[in-house]
Amino acid sequence: MAHAADGSAASRAVVVAAELRAWFAVHGRSLPWRATRDPYRVLVSEVMLQQTRVARVVPAWHAFLERFATLADLAAAPTAAVVEQWRGLGYNRRAVDLQRTARAAVDRHGGRLPATLAELEALPGVGPYTARAVLVFAHEAPVAAVDVNVARVVQRAVTGERVPPRRRQQVADDLVADDPWATAQALIELGARHCTARAPACGGCPVVAACAWHARGNDPPDPGLVVRSAATVPFTETDRYHRGRLLDALRAGPVATTDVAAVARTDDPDRARRLADGLVRDGLAAWSTGTLTLPERDVERER
């Protein structure tokens with residue numbers, strides 16, 4: 001399908017949305033969270049998918065929901081159990097934030113996730129993206145979940161230039177209006193498989209004929225590119241690495257205060273203490289007499 005003659009963003013968006021849905025109907029991946037409209041299951045998938053690859057999330061999602069089958073189960077569980085179950089997913093604060101969301105939903109909404117944007121965003125641990133993801137993927141509401149991948153598709157294919165976040169959201173909302181769930185999923189799929197940050201596969205892209213950036217020869221600047229400063233520190237020297245080693249040890253049992261530096265694999269005891277205090281501040285650990293432990297190891301929350 002050729003794009004509209006007037007070349008306007010609105011006309012282009014109509015074509016892009018139609019082509020996206022047609023392509024997704026044939027080529028969309030069969031992912032387990034796409035087979036549910038349960039808000040809790042959608043929420044778990046969206047939190048897990050933040051900065052974690054799909055292949056790693058699929059088995060983790062199944063295992064997590066087997067252990068914490070409902071929002072109430074997650075809210076009532078010891079935080080230690082939630083952190084333990086999160087092993088292998090990284091960015092462990094997400095586990096604590098997810099439980100905070102569950103507990104707030106139990107306390108404020110009778111054990112159900114609310115179905116309005118304002119109420120979802122008011123829950124601790126839920127930001128604008130996650131709130132919209134729950135709305136569109138659980139309730140098929142006409143809002144788009146705009147992460148960096150969807151923003152890239154919008155700015156390359158539709159606007160042809162970088163636009164402010166509010167404008168990106170509006171364009172994406174317009175894209176999904178006619179068939180919210182399928183179009184929102186297709187946007188994510190395209191960003192993951194064709195409209196990637198590096199070396200986009202324009203040759204096989206289903207919307208290439210309508211793409212604003214492709215129409216100008218993919219000339220720089222790339223409207224979908226987020227410029228980041230190059231990393232200068234090896235990962236094994238970052239705080240994230242040492243925090244991860246310490247948290248992995250805590251999953252196996254308490255760590256003596258005198259052993260924190262060794263377990264975190266750092267020769268700097270002040271850094272080790274700062275990292276441990278950071279875990280405590282983030283709700284991932286707790287100080288006990290002479291030891292660092294996972295939080296609430298032996299305490300069940302009253303249902």
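The values are calculated or read from the model by the stated rules, or taken from the named source; none is laboratory data. Values in this document were obtained by computation on a predicted structure and should not be read as measured data. Glycine also receives a Cβ, built like all others from the backbone with ideal geometry; neighbour counts cover every protein chain displayed.
If THR266 satisfies every condition in (1) modelled with pLDDT under 95; (2) more than 30 Å from THR291 (Cα to Cα); (3) not in a helix (DSSP H, G or I) but one, which is the exception?
(2)
What do you reckon, is ARG94 basic (Lys, Arg), in contact (Cβ under 8 Å) with a residue 40 or more places away in the chain and not in a loop (DSSP other than H, G, I, E, B)? Walk me through it before giving the result.
Working: basic (Lys, Arg): yes; in contact (Cβ under 8 Å) with a residue 40 or more places away in the chain: yes; not in a loop (DSSP other than H, G, I, E, B): yes.
Criteria met by ARG94.
Could you tell me how many of the residues in the range 137-165 are under 25 Å from LEU113 (Cβ atoms) and of a type outside the set (Gly, Ala, Ser)?
Matching residues across the range 137-165 total 11.
Among the residues of the range 139-181, what is the count of those that are of a type in the set (A, V, I, L, M, F, W, C), out of contact with any Pro (no Cβ under 6 Å at 6 or more places or on another chain) and surrounded by fewer than 17 Cβ atoms within 10 Å (Cβ to Cβ)?
Residues meeting the conditions: 1.
Table: residues versus (1) part of a helix (DSSP H, G or I); (2) free of Cβ contacts under 8 Å to residues at least 24 places away in the same chain; (3) farther than 30 Å from GLY290 by Cβ.
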site	(1), (2), (3)
ARG166	yes, yes, yes
ALA197	no, no, yes
GLY203	yes, yes, yes
ALA209	yes, no, yes
PRO220	no, yes, yes
GLY244	yes, no, no
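Filter the range 74-107 down to the residues that are touching a Gly at 6+ places or on another chain (Cβ under 7 Å) and of a type in the set (A, V, I, L, M, F, W, C), then identify the one that is nearest to LEU247 (Cα to Cα).
So the residue we want is VAL96.
Applying the selection to the range 249-259, what residues are surrounded by 14 or more Cβ atoms within 10 Å (Cβ to Cβ), in a helix (DSSP H, G or I) and out of contact with any Lys or Arg (no Cβ under 7 Å at 6 or more places or on another chain)? Break it down stepwise before answering.
To start, the set of residues in the range 249-259 that are surrounded by 14 or more Cβ atoms within 10 Å (Cβ to Cβ) comprises 249-251, 254-255, 257, 259.
Now restrict to residues that are in a helix (DSSP H, G or I): 249-251, 257, 259.
Within the range 249-259, ALA249, LEU250, THR257, ASP259 qualify.
Anything in the range 101-138 that is in a loop (DSSP other than H, G, I, E, B) and either under 13 Å from GLN50 (Cβ atoms) or assigned by TED's automatic domain parsing to the domain that holds PRO180 (or both)? List them, or say none.
Narrowing the range 101-138 to residues in a loop (DSSP other than H, G, I, E, B): 110-116, 122-127.
Matches in the range 101-138: GLY125, VAL126, GLY127.
To keep it simple, each residue is scored yes or no on (1) under 25 Å from PRO295 (Cα atoms); (2) crowded, with 20+ Cβ neighbours inside 10 Å.
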residue: VAL15; (1), (2): no, no
residue: GLY28; (1), (2): no, no
residue: THR36; (1), (2): no, no
residue: TYR40; (1), (2): yes, yes
residue: THR52; (1), (2): yes, no
residue: ALA55; (1), (2): no, no
residue: ASP73; (1), (2): yes, no
residue: ARG87; (1), (2): yes, no
residue: GLN99; (1), (2): yes, yes
